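Notes follow once the structure below has been shown.
Read the figures in this text as sums done on the coordinates, not as results from a lab. All values derive from a computational prediction rather than experimental measurement. All Cβ positions, even for glycine, are placed from backbone atoms using ideal geometry, and neighbour counts span all protein chains on display.
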Amino acid sequence: MRSFDAAEWKRVREAGRFRFLLRYGFLGRGLPLGVLTALAVSLYNADEASRGQLLQSPSFYVMVLFCVAVFTASGALAANANWVLHERRYGAQAEGEAAEG
């Protein structure tokens, strides 16, 4: 989980929660870990003769979709917890600066 200081959090917060969840939940965790996990599991389970056609198998792409979905869900939960943590830490401070400015 990434930690931000007050100045960084102000910029991240301005970009919005959806963009934060997309960046850290899907692109940062769901997509890369899902693809790597599906590849590792498929390579481990495949016999020597079928490894060459692994990427052409429809079952491999189903595995990729499943793994990406699972890791995206867990990544979104972790990113949301990170958002809430930083909102508690810096949110009132950022709102106070916006009211003054």
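What number, in percent, do you get for the relative contact order of region 6-100 if the mean sequence gap of Cα pairs under 8 Å and at least 6 apart is divided by its residue count?
Relative contact order, region 6-100: 42 percent.
Applying the criteria of a DSSP loop state and at most 12 other Cβ atoms within 10 Å to the trypsin sites (Lys or Arg not before Pro) of the chain yields R2. Global size of the chain: 19.1, 68 Å for Rg and Dmax (C-alpha atoms, Rg to one decimal, Dmax whole).
Within 10 Å of each residue's Cβ, count the other Cβ atoms and sort D47, D5 from fewest upward. Don't skip to the end; give the middle numbers.
Details: D47 6, D5 10.
Fewest to most other Cβ atoms nearby, the residues stand as D47, D5.
Each Lys or Arg adds one and each Asp or Glu subtracts one; over the other residues with Cβ under 12 Å from the Cβ of A15, this totals +4. Go ahead and collect, in residue order, the members of region 1-30 whose backbone nitrogen is under 13 Å from a label point 7 Å along the Cα-Cβ direction of L36. Flagged as within label range: 28-30.
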